[in-house]
Amino acid sequence: MVDEIHGDAERRMQKSVEAVTDELKGIRSGKANPALLENIKIDAYGQKQPLNQLASISVPDPMSLVVQPWDKSILGDVVKAIQTAELGFNPLVEGNFIRVPVPPLSEERRLELVKLCKKIAEDGKVAVRNIRRDANEKLKKAEKDKEISEDDQHKGADQVQKSTDKFIRDIDTISAAKEKDLMSI
């Protein structure tokens, strides 16, 4: 029972770390990266879909991206979505594809992005702590219902705390690496 609760909490914490990682990938540093555009939502075919499900995104050089929609009829929708995504990009239509120049970041914009990274990391840590709280509540309930002993409940809470500390360290490491990447010119 204790191992089940701990295992479930660890899986959920790992998903939180992965979510933070994915979100941080979408924040641009100075270089072009397909992850910058992958999750932009495009209003096409009557619903919003991520760009990476509607087009291929490539990096022809370090300062630009090329988006090639599989259906040419959504070219205008893709351009509009990229412009409204508040990434500071000005896409250019060139025939059947869209070129997205990636301008260098100003110092002010770098600092804004670092703040955003810190916020994303903090949200991830809060999610991990909420998972810890849920797991501890399950352990206390199991002890109260006489499904586990008091010692097992304490042992389980210690395991959950160690996992929490580990995943929070992981988030800090990932966030610090992204911040360093943002601040290097």
### Query
What residue, of E94, E112, E137, is outside the structural domain of T21 (by TED's automatic domain parsing) and either surrounded by fewer than 20 Cβ atoms within 10 Å (Cβ to Cβ) or without any contact (Cβ under 8 Å) to a residue 12 or more places away in the chain (or both)?
E94
### Query
Has the range 140-149 got any residue that is among the charged types (D, E, K, R), within 14 Å of the chain's Cα centre (by Cα) and at pLDDT below 95?
no
## Note on the structure
Counting only strands (runs of 3 or more DSSP E) entirely within the range 27-73, those with at least 2 residues that are among the β-branched types (V, I, T) are 55-61, 64-69
### Task
Quickly run through the range 75-86 and pick out the residues that are surrounded by fewer than 16 Cβ atoms within 10 Å (Cβ to Cβ) and either in contact (Cβ under 8 Å) with a residue 12 or more places away in the chain or part of a helix (DSSP H, G or I) (or both).
G76, K80, Q83, T84
### Query
When only residues in the range 46-74 that are more than 22 Å from P104 (Cβ to Cβ) and of a type in the set (S, T, Y) count, which is surrounded by the fewest Cβ atoms within 10 Å (Cβ to Cβ)?
S73
#### Entry: Qualifying residue in the range 146-162 (condition: touching a residue at least 40 places away in the same chain (Cβ under 8 Å), surrounded by 16 or more Cβ atoms within 10 Å (Cβ to Cβ), in a loop (DSSP other than H, G, I, E, B) and not assigned by TED's automatic domain parsing to the domain that holds L65)
yes
### Query
Considering only residues of the range 29-45 that are small (G, A, S) and under 18 Å from P91 (Cβ atoms), which is surrounded by the most Cβ atoms within 10 Å (Cβ to Cβ)?
A32
### Task
Spot the failing condition for E179; the list is (1) in contact (Cβ under 8 Å) with a residue 24 or more places away in the chain; (2) within 28 Å of D43 (Cα to Cα); (3) of a type in the set (D, E), and only one is missed.
(2)
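The values are calculated or read from the model by the stated rules, or taken from the named source; none is laboratory data. Please read all numbers here as calculations on a predicted model, not as lab measurements. Here Cβ is always computed from backbone atoms with ideal geometry, including for glycine, and neighbour counts include all displayed protein chains.
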